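The values are calculated or read from the model by the stated rules, or taken from the named source; none is laboratory data. Computed from a predicted model, the values in this text were never measured in an experiment. Counting neighbours? That spans all protein chains shown, and the Cβs are built from the backbone with ideal geometry, glycine included. For the accessible areas, the whole protein counts, side chains as well, though only heavy atoms, and no ligand, DNA or RNA atoms are used. Shrake-Rupley method; radii C 1.70, N 1.55, O 1.52, S 1.80 Å.
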Amino acid sequence: MKFHLRAMIKALNRRSMALIALVTTFAGVALLIDRPKGTILEWLAFPFFVAGGSIFAWAVWPRTEAIVDNQRSIAKRLLHLLTWNGRLVPYFPGFGVALLLMDLGYNLIWSTPTSLQTEDTIVILAAVTLIGYGLVPERFARERDFVLLFFLWLNVILVAPLLIARAYYANFEASVDVYSWAAIAPETGAVLSLLGVANSVHAVAGSTAPGLTFVPQHLALQVTVVITTSCSGIYSFGIFASAFLAFVLTEYERMTRRVWILLGLGLITSYLANVLRMVVIVLIGYYTDTAQTDLQNMLVAHSYAGWIIFIAWIALFWGVVFRFLDIPVRKENGAEAVIPRNRGARCGICAKSLTPILPGCRCQCGKFYHVACATTVGECPRCHRQMRLLQTGTESGA
């Protein structure tokens, strides 16, 4: 009984720990890519990475023999196609080293300043992932593919458009502020107007980014906030979009209507969180800054608000995903392993729902269990058949 209770507590904690690991890891990614200006928060990136990885290893990675990874996922098929039926995978370390050298050459020849910028960090992370891809055990292939696809999507969303635009304008030092003009500044101004804050969005001399001008309540002067690419929140949006795309590709065999809807809602609400960030920054300056503070309150909000809102949004969205988004049936060893589609399916040991982060199996008697719970008890509590997770697909009893 004591062992059974301990197994239940462990299973109850796994989902919460998995969510904490995800949020902690992405907090580190955000600090590296979207560095809060004027703070020392970016130095917390490495501890966040270590903490997130450690929690994930404890909470998610299997203690016993792992279930064979799904070979039919969209990610598997996509990577198989991109790597010429897997022939290019052994050359991934060489591709990673070449990517590092290309980024270094770009900085030395064309970029000013030559120090590493946000886009360089994204490229380096992708290169390191390619170099270490073959070192990850095959039983963790799904996690390995998720990380690879995440950093590849990050480059597609954030780095490639910037390089294309710079090449088009024949200016490899320019910043591209199209996103700020089209999707941030006008919308932020509109929301502020609805809240009773008079403002105007306009061009700023000497800058390609839009400016948003308003007059704080306690200051008799106009304040202009220049919304550059680095301040627009596009990096936070890119992190979320890349993570969710990688998640869908590694977890699903096909894109269902439910997944498309969730993907659309995730991207839309992430964008709205981005607009909220700018609104919050301006509101703090509008209501709290005085002649004594000299806009310091708004500057502090500018440094911290974006990162805090991003982390809060990640925690909320992924918490909902873990709770409600079921993973479809997978093929393992030629047989089907059941991961229930119905939202009400619960583990017969810990009584918690089966979710994407905690996959399940089914006994011959029809009872569902978390794989982690089943491996700890040895036999089905209902019919007392011995658990054999890898020998059968649609059932786990003998």
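Specify the residue that is nearest to Y252 (Cα to Cα); the eligible residues are those in region 359-385 that are part of a strand (DSSP E or B) and of a type in the set (D, E, K, R).
Result: R362.
Restricting the search to region 78-128, which residues are in contact with an Asp or Glu (Cβ under 7 Å, 6 or more places away or on another chain) and of a type in the set (D, E, K, R)?
Result: D103, D120.
Out of (1) open to solvent by 40 Å² or more (accessible area, probe 1.4 Å); (2) farther than 25 Å from C231 by Cα, the odd one out for F140 is which?
Only one criterion is unmet by F140, namely (1).
Of the residues that sit in region 292-306 and are in contact with a Lys or Arg (Cβ under 9 Å, 6 or more places away or on another chain) and open to solvent by 20 Å² or more (accessible area, probe 1.4 Å), which one is modelled with the lowest pLDDT?
Among residues in region 292-306 that are in contact with a Lys or Arg (Cβ under 9 Å, 6 or more places away or on another chain) and open to solvent by 20 Å² or more (accessible area, probe 1.4 Å), the one modelled with the lowest pLDDT is H302.
Checking the structure you have, find out if any residue of region 169-178 is in a helix (DSSP H, G or I), under 21 Å from L245 (Cα atoms), at pLDDT below 85 and out of contact with any strand residue (DSSP E or B) (no Cβ under 9 Å at 6 or more places or on another chain).
The answer is no; no qualifying residue exists.
Residues that are free of Cβ contacts under 8 Å to residues at least 60 places away in the same chain and in a strand (DSSP E or B): does region 305-320 have at least one?
Checked region 305-320: no residue is free of Cβ contacts under 8 Å to residues at least 60 places away in the same chain and in a strand (DSSP E or B).
Quick one: which residue in S180, S200 is under 30 Å from T290 (Cβ atoms), among the polar types (S, T, N, Q) and open to solvent by 50 Å² or more (accessible area, probe 1.4 Å)?
After applying the criteria, what remains is S200.
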